[in-house]
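Okay, here's the structure, questions in a sec.
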Amino acid sequence: MTDMLKEFKQSILISLWFVFLTFPLMVVRVNTTESLVEWRWMNMVWVALGSFILSYLWRYMLARQQARKKVADSGLEKQSKVTLLLEDATFRYRAMAVLLVLALIFPLAFDTYQSTIMISALIYVVLGLGLNITVGLAGLLDLGYVAFFAVGAYSYALLNHHFDLGFWTVLPLGGILGCLFGIILGFPILRLRGDYLAIVTLGFGMIVKIVLENWSDFSFGPSGIAQIDRPGLFGIDMDLAGSTIYIYYIMIAMVVFTILVTMRLRNSRIGRAWIALREDEIACVAMGIDMARTKLSAYALGAFWAGMVGVLFAAKTTFINPASFTFMESAIILSIVVLGGMGSILGVILGAFILILLPEYMRAFSEYRMLAFGAAMVLMMIFRPQGIISNIRQKYEYKGLQKETDNG
Amino acid sequence: MDYFIELFLGGLTRGSIYALIALGYTMVYGIIQLINFAHGEIYMIGAFVALIVAGVCTIYGFTGVSVLIIAAVAAVIYASAYGYTLEKIAYRPLRGAPRLSPLISAIGMSIFLQNYVLLAQTPDFLPFPSLIPDFEFMEPVAHIIGSPELVILITTFVTMILLTLLIKKTKVGKAMRATQQDMNMARLVGVNVDRVISLTFVIGSALAAIGGVLVASYIGQVNFYIGFLAGVKAFTAAVLGGIGSIPGAVLGGLVLGWTESFAAGYISSDYEDVFAFGLLVLILILRPAGLLGKSRKQKV
């Protein structure tokens, strides 16, 4: 009983503290031009109620977290049903087949608008998977990822504008250019660790945007480039609906391609080197892994996908300007990776769909989108650092012993 | 020559603001090796609170310097409170987690606070009243340096001296230095490490708020996004000087301020930010420990 009273008291205090904290920003609004002060007392009530309830939830979650940690420490942790199901190979293949069929009939079942939304979600899937290589596998925090996306988009827009190059020619070119930029950025920062890396990549992302905005002779400045060609199909003329469906299928193919490549990469020699580098850099180098090459390849391959999907983005929207490549985009892609589960392919895909489709279909809440993203990033780190679906590492088990004991 | 002096003083003013914000980064980094990404947002909240308080005060009939003082005090109190809460919610539960986790949490917090202010107040730029009066004795040199610049320089200078005294001479400062050198050892000799970390956040946030009020009344407008760029720049300054080092943060701020000012004045003002980040990359390649930082040997 005293415990409950104590908790109640604590929650009251927390709620009072938040009322104090949010008072000037949530309650008062000043209009200096007309000398009016607007008092929004209702907000204060909401803050008090909300923080009171949330403080209970917070304590409960922290307690649960602690309990789980204890279980994990004792080594008796049970694997959840979802993980067990996902580790089952036959189930995985069947699920994939069903999803692929669903994905293929999607544009035929729904209208153009739905397809367009789906395309943008798929673009973020590929971006998330690309960043997943750099952040999730190699553990190099990249806050300027959108710069590579911009490189791809602008390379198609400019090559198309000046030289009339087609979509299919530029698609690999965009990827390679993205790669090159990844290496260019990678070289100077090879020596830096975690947090410095984050800030330099952030700076790099901003430099690219500033250059695109100001170097008007090259990039046409803030007004951007319009009338970019849509992807062609043997010279067939397509209307908007037709080409949307076409782009949708290209995107599906790209997603499948990305998934296959990243899956193979993760279990390859270089993928293991990335994971080792993420876990412990010093031990990894001591084991004879070339740090420079491993890090550079993580950057280059991560950037490759961004460059490629950038080309597609330009072809889809037919108009690009620097405003599409802000830090917020980088933050969204990063939160896709973090929320989905760093290193986990399925998690990242799920994360992209949730983060992109949810605000799209819940228009009423779309203002609160970034607020929710920010909060979700913090909460995820505290309560579920492994993400929605944690990375499943390939395991090799010795099965012989099991049989022997069965017989004996 | 006048142009040169003007740029020099402009850089000095700008640099001293960067230094004020950079101190918060450096102090936090020195103790828990975390880039407090949301520090720029604390600065922005400081400026916003000052704007709101100043607005309310003016409407209810206060005038002159009293408004400035009330607004500044409110900004400092609120920014400190936000810094304290921020540490408790977003960083304390993550102590001992892998290094990437608190960093991502910090980025999340930064996005959250930006959008919180955006939704609670306004997405537009708000005009900030010029709270700093024009001094008469500044008239003869007004074409080179204005009164606001003078106030900024003096405030920064005084704040730095107070901070140095706090860290070098008081018991709290000693505890902070001890925690910075070795957290576990400090705990063993009876330093309340949690409280020292909270205090570091509070002091850093207060400095950022002072910077926020000064900048806002100098530039004359505020919106929810100002903290982001200022934060990145201040972090650049902190790295430039050697992160973890307090004189380094000041030096880094000034160097960054001058670089931007001269580059904007003599080369092109469009690429001002590019020069700042270019300088950061250059320093990190040539001297990763920063200008005044000690390079730490990594031991296994």
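The values are calculated or read from the model by the stated rules, or taken from the named source; none is laboratory data. If you're wondering where the values come from, they're calculated on a predicted model, not measured in any experiment. FYI the Cβ positions are ideal-geometry reconstructions off the backbone, even for glycines, and counts take in every protein chain you see.
Quick one: in region B:28-51, of everything that is more than 11 Å from every other protein chain (Cβ to nearest Cβ) and over 11 Å from the mean Cα position of the chain (by Cα), which residue is nearest to residue B:101 (Cα to Cα)?
Here the residue is B:32.
Right, something else. Which pairs do you get when a residue that is in the same structural domain as residue A:189 (by TED's automatic domain parsing) and without any contact (Cβ under 8 Å) to a residue 12 or more places away in the chain, found in region A:286-312, comes within reach of a residue that is surrounded by 24 or more Cβ atoms within 10 Å (Cβ to Cβ) and of a type in the set (Phe, Trp, Tyr), reach meaning Cβ atoms under 8 angstrom, with the pair 6+ apart or on two chains?
Short answer, once both residue conditions are applied: none.
How many residues, within region B:52-80, are in contact (Cβ under 8 Å) with a residue 60 or more places away in the chain, within 8 Å of chain A (Cβ to nearest Cβ) and surrounded by fewer than 19 Cβ atoms within 10 Å (Cβ to Cβ)?
1
Moving on. Which of the residues belonging to region A:348-379 are within 12 Å of chain B (Cβ to nearest Cβ) and crowded, with 23+ Cβ neighbours inside 10 Å?
A:373, A:374, A:377, A:378, listed by residue number.
Pick from B:227, B:253, B:290: which is assigned to a loop (DSSP other than H, G, I, E, B), touching a helix residue (DSSP H, G or I) at 6+ places or on another chain (Cβ under 9 Å) and in contact (Cβ under 8 Å) with a residue 40 or more places away in the chain? Steps first, please.
Working: B:227 fails: assigned to a loop (DSSP other than H, G, I, E, B); B:253 fails: assigned to a loop (DSSP other than H, G, I, E, B).
After ruling out the rest, the residue left standing is B:290.
Now for a separate question. Can you tell me which residue in region A:288-315 is farthest from the other protein chains (Cβ to nearest Cβ), limited to those that are in a helix (DSSP H, G or I) and more than 20 Å from the chain's Cα centre (by Cα)? Even if it seems obvious, please write down each step before you answer.
Just the residues of region A:288-315 that are in a helix (DSSP H, G or I), to begin with: A:291-315.
Now drop any that are not more than 20 Å from the chain's Cα centre (by Cα), which leaves A:291-294, A:296, A:315.
Numbers: A:291: 13, A:292: 14, A:293: 19, A:294: 17, A:296: 15, A:315: 29 Å.
Only one residue fits best here, namely A:315.
Looking only at region B:72-86, decide whether some residue is farther than 30 Å from residue A:200 by Cα, in a helix (DSSP H, G or I) and in contact with a Lys or Arg (Cβ under 9 Å, 6 or more places away or on another chain).
No: region B:72-86 contains no residue that is farther than 30 Å from residue A:200 by Cα, in a helix (DSSP H, G or I) and in contact with a Lys or Arg (Cβ under 9 Å, 6 or more places away or on another chain).
Considering each residue of region A:163-203, count those that are charged (D, E, K, R) and more than 10 Å from chain B (Cβ to nearest Cβ), and give that number.
Initial filter on region A:163-203 (charged (D, E, K, R)): A:164, A:191, A:193, A:195.
Among the residues that remain, those that are also more than 10 Å from chain B (Cβ to nearest Cβ) are: A:164.
Result for region A:163-203: 1.
Please go through region A:204-215 and pick out each residue that is at the interface with another protein chain (Cβ under 7 Å from one of its Cβ atoms) and either assigned to a loop (DSSP other than H, G, I, E, B) or within 19 Å of the chain's Cα centre (by Cα) (or both).
Answer for region A:204-215, where residues must be at the interface with another protein chain (Cβ under 7 Å from one of its Cβ atoms) and either assigned to a loop (DSSP other than H, G, I, E, B) or within 19 Å of the chain's Cα centre (by Cα) (or both): just A:206.
Take region B:173-193 and flag every residue that is exposed (fewer than 14 other Cβ atoms within 10 Å of the Cβ) and either touching a Phe, Trp or Tyr at 6+ places or on another chain (Cβ under 7 Å) or aliphatic (A, V, I, L, M) (or both).
Result: B:185, B:188, B:189.
Considering only residues of region B:109-124 that are of a type in the set (Val, Ile, Thr) and under 18 Å from residue A:27 (Cα atoms), which is farthest from the other protein chains (Cβ to nearest Cβ)? Full working, then the answer.
Within region B:109-124, the first condition is being of a type in the set (Val, Ile, Thr), and the residues that meet it are B:111, B:117, B:122.
Remaining after also requiring under 18 Å from residue A:27 (Cα atoms): B:117, B:122.
Details: B:117: 6, B:122: 8 Å.
Filtering first and then ranking leaves B:122.
Name every residue in region B:87-101 that is more than 18 Å from the chain's Cα centre (by Cα) and in a helix (DSSP H, G or I), in order of residue number. Quick ask: steps written out before the conclusion?
So the first thing to find is which residues in region B:87-101 are more than 18 Å from the chain's Cα centre (by Cα), and the list is B:88-101.
The answer is B:88, B:89, B:90, B:91, B:92, B:93, B:94, B:100, B:101.
When you check residue B:73 against the structure, is it modelled with pLDDT of 90 or more and farther than 21 Å from residue B:120 by Cβ, yes or no?
Numbers: modelled with pLDDT of 90 or more: yes; farther than 21 Å from residue B:120 by Cβ: yes.
Yes.
Take residue A:360 and tell me if it is acidic (Asp, Glu) and touching a Phe, Trp or Tyr at 6+ places or on another chain (Cβ under 8 Å). Full working, then the answer.
On the way: acidic (Asp, Glu): yes; touching a Phe, Trp or Tyr at 6+ places or on another chain (Cβ under 8 Å): no.
No; evaluated as a whole, the condition is false for this residue.
To keep it simple, each residue is scored yes or no on (1) in a helix (DSSP H, G or I); (2) hydroxyl-bearing (Ser, Thr, Tyr); (3) crowded, with 24+ Cβ neighbours inside 10 Å.
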{"position": "A:153", "(1), (2), (3)": "yes, no, yes"}
{"position": "A:156", "(1), (2), (3)": "yes, yes, yes"}
{"position": "A:161", "(1), (2), (3)": "yes, no, no"}
{"position": "A:170", "(1), (2), (3)": "yes, no, yes"}
{"position": "A:177", "(1), (2), (3)": "yes, no, yes"}
{"position": "A:183", "(1), (2), (3)": "yes, no, no"}
{"position": "A:188", "(1), (2), (3)": "no, no, no"}
{"position": "A:192", "(1), (2), (3)": "no, no, no"}
{"position": "A:195", "(1), (2), (3)": "yes, no, no"}
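When you look at residue B:127, is it in contact with a strand residue (DSSP E or B) (Cβ under 8 Å, 6 or more places away or on another chain), farther than 30 Å from residue A:59 by Cα, within 14 Å of chain A (Cβ to nearest Cβ) and surrounded by fewer than 19 Cβ atoms within 10 Å (Cβ to Cβ), yes or no? Reasoning before the result, please.
Values: in contact with a strand residue (DSSP E or B) (Cβ under 8 Å, 6 or more places away or on another chain): yes; farther than 30 Å from residue A:59 by Cα: yes; within 14 Å of chain A (Cβ to nearest Cβ): yes; surrounded by fewer than 19 Cβ atoms within 10 Å (Cβ to Cβ): yes.
It is true that residue B:127 is in contact with a strand residue (DSSP E or B) (Cβ under 8 Å, 6 or more places away or on another chain), farther than 30 Å from residue A:59 by Cα, within 14 Å of chain A (Cβ to nearest Cβ) and surrounded by fewer than 19 Cβ atoms within 10 Å (Cβ to Cβ).
I've got another one for you. Given (1) of a type in the set (A, V, I, L, M, F, W, C); (2) over 20 Å from residue B:199 (Cβ atoms); (3) more than 20 Å from the chain's Cα centre (by Cα), where does residue B:178 come up short, assuming only one miss?
Exception for residue B:178: condition (2).
Please go through region B:1-43 and pick out each residue that is in contact with a Leu (Cβ under 8 Å, 6 or more places away or on another chain), among the aliphatic types (A, V, I, L, M) and under 30 Å from residue B:92 (Cα atoms).
B:17, B:19, B:20, B:21, B:23, B:28, B:34, B:35, B:38, B:42
Residue A:285 fails exactly one of the following numbered conditions: (1) over 28 Å from residue A:120 (Cα atoms); (2) crowded, with 17+ Cβ neighbours inside 10 Å; (3) β-branched (Val, Ile, Thr). What is the number of that condition?
Among (1) over 28 Å from residue A:120 (Cα atoms); (2) crowded, with 17+ Cβ neighbours inside 10 Å; (3) β-branched (Val, Ile, Thr), residue A:285 violates only (2).
Any residue in region A:182-207 that's assigned by TED's automatic domain parsing to the domain that holds residue A:144: show its pairings with residues that are in a helix (DSSP H, G or I) and of a type in the set (Asp, Glu) at Cβ separation under 7 Å, as long as the two are six or more apart or on different chains.
A:206/B:273
Separate question: I need the full set of residues from region A:208-233 which are surrounded by 15 or more Cβ atoms within 10 Å (Cβ to Cβ), touching a residue at least 24 places away in the same chain (Cβ under 8 Å) and among the polar types (S, T, N, Q), in order please.
A:219
Also: Would a scan of region B:261-272 turn up a residue that is more than 13 Å from every other protein chain (Cβ to nearest Cβ), in contact with a Lys or Arg (Cβ under 8 Å, 6 or more places away or on another chain), surrounded by fewer than 24 Cβ atoms within 10 Å (Cβ to Cβ) and touching a residue at least 40 places away in the same chain (Cβ under 8 Å)?
Looking through region B:261-272, at least one residue is more than 13 Å from every other protein chain (Cβ to nearest Cβ), in contact with a Lys or Arg (Cβ under 8 Å, 6 or more places away or on another chain), surrounded by fewer than 24 Cβ atoms within 10 Å (Cβ to Cβ) and touching a residue at least 40 places away in the same chain (Cβ under 8 Å).
From the set of residues in region B:234-284 that are among the charged types (D, E, K, R) and within 18 Å of the chain's Cα centre (by Cα), which is nearest to residue B:162 (Cα to Cα)?
Out of the qualifying residues, it is B:260.
Which of the residues that make up region B:207-224 are of a type in the set (Gly, Ala, Ser) and crowded, with 21+ Cβ neighbours inside 10 Å? Give the steps one after another, and end with the answer.
First, the residues of region B:207-224 that are of a type in the set (Gly, Ala, Ser): B:208-209, B:211-212, B:216-217, B:220.
Passing the criteria: B:208, B:209, B:211, B:212, B:216, B:217.
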